[in-house]
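The values are calculated or read from the model by the stated rules, or taken from the named source; none is laboratory data. Values in this document were obtained by computation on a predicted structure and should not be read as measured data. We place every Cβ from the backbone using ideal geometry, glycine too, and count neighbours over all the protein chains shown. Quick note on the areas: whole protein, heavy atoms, side chains included, nothing else; ligands and nucleic acids left out. Shrake-Rupley method; radii C 1.70, N 1.55, O 1.52, S 1.80 Å.
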Amino acid sequence: MTTQMPHVDHELIKAAADIARTRCRGDNHTMAAAARAQDGRIVTAVNVYHFTGGPCAELALIGAAAAQGVYDLDTIVAVGDRDRGVVPPCGRCRQVLLDYFPAVKVIVGEGDRVRTVRITDLLPESYVWADHQDDAE
């Protein structure tokens, strides 16, 4: 069961939608993501489509955030081009988000059903990579 968080960061949705509208062109870039860092900064990115499996917008965002010195994300959202609205993260992105930011919140849903949930709610009974690493170093 997904636990709904009380606050939906509409500024974050708007940031992702603006990037999707202005930067996603053609088949190579069809999704945009925006995330709010713990310090309040907003980081954005677009997916890199390639038939070999290029990264989703959420994964591109993790790299963009690190390049800007952002290592603690609070909330993330993905938005599709052509006014498709909020799109939930795929399974691979859910796992990576959980591994990198186990407390991150994710905005999901459509229209008036947009809501904020914890990444752990999107991956119940999940495998946490860090829990299975050898700390012998």
_Residues of the chain: accessible area per residue with a 1.4 Å probe, Å²_ = 59 Å²
*Count the DSSP beta bridges whose two residues both fall in the chain, then state the antiparallel fraction as a percent rounded to the nearest 5.*
90 percent
*Give me the angle, in degrees from 0 to 90, between the Cα long axis of helix 10-23 and the longest principal axis of the Cα atoms of the chain, rounded to the nearest 10.*
60 degrees
_Surface/4 of the Cα convex hull for the chain, nm²_ = 9.5 nm²
*Once you put a point 7 Å from the Cα of TRP129 and another 7 Å from the Cα of ALA67, both along the Cβ direction, what distance in nm separates them?*
2.0 nm
*Sort out the exposed loop chymotrypsin sites (Phe, Trp or Tyr not before Pro) in the chain (DSSP loop, at most 13 other Cβ within 10 Å) and tell me the longest stretch that has none.*
72-126
_Quick check: residue separation of ARG113 and ARG92 times 0.36 nm, minus the Cα distance between them. What number comes out in nm?_
5.2 nm
_Whole-number percent relative contact order across the range 42-106, with pairs defined as alpha carbons under 8 Å at least 6 apart_ = 26 percent
*Using Cα pairs under 8 angstrom and six or more residues apart, how large is the relative contact order of the chain, in percent?*
24 percent
